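Below is one structure, written out as structure tokens; the observations come after it.
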Amino acid sequence: MRARHGLRVLSVYEGFFSGGARILHSDVLLGLAEGGQSHQVLSIHGEVVREATRQRMEDDRCYRALTAGEVAVTSLGRSAGLVDGTVAARAFSGPELAETARSMAAADVVLSLKEQPLALLNQRGLPRRPVVVCLHRSDPENQGAALDELKAAIADGTVVACVCCAESTRAAYEAVGVPRELLHVVPNGVDLLRFRPDPVARRAVRAALGIADAAPVIVFAARHAPMKNVPLFLRAARAWLSREPGGHVLMCGAGMTPGNPGLRADLTDAFAGEPGPAGRVHPLGVRHDMEAVYAAGDVVALTSVTGEAAPLCLIEGMMCGAVPVTTDVGDSAAIVAGHGFVTPPDPGAVASAWSAAVAGRAGLAPALERGRERFSRTRMIAAYATLLDGVHTSNPARTDAYGGQGAL
């Protein structure tokens with residue numbers, strides 16, 4: 001099926017803050033817009049405090065990429081912290097609902113980035129548009145009220161499809177009662193021209209950090225959040241660095257800075273009595289050159305114990321030549337099969353797998369190269385385009401009270 005050119009799509013974000021789901025979704029929108037669809041984004045929040053970091057929409061790389069690609073981005077202008085890992089909500093005001101209604105009236109299809117924006121999209125009086133929810137986790141039961149909002153939106157016909165980035169996502173949401181026929185799996189993909197082995201970038205990043213060309217390097221790309229299990233990662237790092245005197249560990253993501261008291265406490269707990277190895281841990285914070293950071297590494301590590309579906313860091317790191325070592329969470333084991341290592345959530349086992357990955361990197365390189373097309377951004381975007389076109393075709397438009405088309 002050919003994608004429908006000119007299809008008008010509104011994406012609703014909870015907010016712009018560092019995270020794999022927003023990076024991936026924004027990249028999808030840019031690809032779909034390049035293919036002829038018309039996209040705009042409405043962000044509920046204009047600023048969020050998350051992972052001990054104040055993150056303004058205008059400072060976010062995804063926001064900048066979207067606007068540079070001529071995707072219009074507007075915001076309801078809320079500013080919020082987090083409650084139990086979710087952006088705190090309050091009743092929506094009349095002006096907020098009016099702005100949302102105007103944005104929806106100009107769209108044929110609405111995409112909700114994860115289920116949290118459904119608290120807004122489920123409000124009474126908004127134009128009826130087919131809503132597709134993009135799901136990026138494997139623990140719906142830990143999403144609080146957002147799961148109830150999803151079920152309510154499905155029950156009243158607002159949500160007509162869900163995009164799952166992983167088989168584990170589909171299985172988890174089906175298990176909590178979401179009808180299987182609504183769950184469509186579109187595996188994550190990345191730009192293979194951007195994420196590739198780069199010897200020049202490898203040397204440059206290492207030189208900037210004072211790391212020798214031959215030193216083994218572990219890259220950990222994650223925000224400082226409980227689901228990422230930073231304490232497990234740091235305990236493994238202590239074990240590995242203690243027996244790898246030339247080794248280094250790079251930590252990237254929101255909250256991965258010395259200014260975050262939570263990370264400082266984790267480092268103190270993990271390296272108590274061993275300040276030497278701790279000096280070879282580099283907290284780099286949010287980086288906008290992750291392709292270069294991955295290229296500088298020998299291993300890309302993930303130690304999450306819950307929530308993950310198809311972790312972008314594993315795919316991006318592999319495509320840059322780093323060997324993936326992950327705990328068995330979500331689709332991680334399937335992603336790294338034949339390319340890397342899966343470990344139990346034990347510091348010693350993780351550290352041993354890192355050593356094995358460093359030693360086996362050259363031997364795994366051909367398999368990583370052969371598997372590149374499986375993780376293609378082009379394949380992913382084509383699948384999204386086909387799904388959106390099918391949703392629009394299956395939900396014929398009619399003029400509504402807001403003067404737009406596409407109301408059900």
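The values are calculated or read from the model by the stated rules, or taken from the named source; none is laboratory data. Because the structure is predicted, anything quoted here is derived from the model rather than measured. Heads up, the Cβs are rebuilt from the backbone with ideal geometry, glycines too, and the neighbour counts pull from every protein chain shown.
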Selected residue (only one of 265, 334, 309 is assigned to a loop (DSSP other than H, G, I, E, B), among the hydrophobic types (A, V, I, L, M, F, W, C) and at pLDDT 95 or above): 309
So residue 299, is it in contact with a Lys or Arg (Cβ under 9 Å, 6 or more places away or on another chain), crowded, with 23+ Cβ neighbours inside 10 Å, among the hydrophobic types (A, V, I, L, M, F, W, C) and touching a residue at least 40 places away in the same chain (Cβ under 8 Å): yes
Residue check for residue 236: assigned to a loop (DSSP other than H, G, I, E, B) and either of a type outside the set (A, V, I, L, M, F, W, C) or modelled with pLDDT of 95 or more (or both): no
Evaluation of residue 271 against (1) surrounded by 12 or more Cβ atoms within 10 Å (Cβ to Cβ); (2) under 27 Å from the mean Cα position of the chain (by Cα); (3) touching a residue at least 24 places away in the same chain (Cβ under 8 Å) (one fails), failing number: (2)
Cross-chain or 6+ apart pairs with Cβ under 9 Å, segment 179-198 first and closer than 30 Å to residue 152 by Cα, then polar (S, T, N, Q) and buried (at least 17 other Cβ atoms within 10 Å of the Cβ): 183/169; 185/169
Set 321, 340: member being buried (at least 16 other Cβ atoms within 10 Å of the Cβ), over 16 Å from residue 232 (Cβ atoms) and in contact with a strand residue (DSSP E or B) (Cβ under 8 Å, 6 or more places away or on another chain): 340
Residue 270 part of a helix (DSSP H, G or I), touching a strand residue (DSSP E or B) at 6+ places or on another chain (Cβ under 6 Å) and at pLDDT 95 or above: no
Segment 171-187 - residue that is outside any strand (DSSP E or B) and touching a strand residue (DSSP E or B) at 6+ places or on another chain (Cβ under 8 Å) and, of those, surrounded by the most Cβ atoms within 10 Å (Cβ to Cβ): 173
Residue check, residue 307 farther than 23 Å from residue 196 by Cα, of a type in the set (Gly, Ala, Ser) and either surrounded by fewer than 24 Cβ atoms within 10 Å (Cβ to Cβ) or in contact with a Gly (Cβ under 9 Å, 6 or more places away or on another chain) (or both): yes
Checklist (1) in contact with a Leu (Cβ under 7 Å, 6 or more places away or on another chain); (2) in a strand (DSSP E or B); (3) buried (at least 22 other Cβ atoms within 10 Å of the Cβ); (4) not aromatic (Phe, Trp, Tyr) applied to residue 48, failing item: (1)
Residue in segment 240-253 that is farthest from residue 213 (Cα to Cα), counting only those that are buried (at least 21 other Cβ atoms within 10 Å of the Cβ) and of a type in the set (Gly, Ala, Ser): 253
Hits in segment 340-356 - residues which are assigned to a loop (DSSP other than H, G, I, E, B) and over 21 Å from the mean Cα position of the chain (by Cα): 344, 345, 346
Residues of segment 131-152 classified as assigned to a helix (DSSP H, G or I) and either among the hydrophobic types (A, V, I, L, M, F, W, C) or surrounded by 19 or more Cβ atoms within 10 Å (Cβ to Cβ) (or both), total: 7
Residue among 250, 234, 284, 314 that is among the hydrophobic types (A, V, I, L, M, F, W, C), in contact with a Pro (Cβ under 6 Å, 6 or more places away or on another chain) and touching a residue at least 12 places away in the same chain (Cβ under 8 Å): 314
Pairs, first in the same structural domain as residue 110 (by TED's automatic domain parsing) in segment 130-141, second of a type in the set (S, T, N, Q) and in a loop (DSSP other than H, G, I, E, B), C-beta under 6 Å, six or more apart: 130/395; 131/158; 139/306
Given (1) without any contact (Cβ under 8 Å) to a residue 24 or more places away in the chain; (2) farther than 17 Å from residue 17 by Cα, number of the condition residue 54 does not satisfy: (2)
Hits in segment 190-203 (condition: loosely packed, with under 15 Cβ neighbours inside 10 Å and not basic (Lys, Arg)): 192, 193, 199, 200
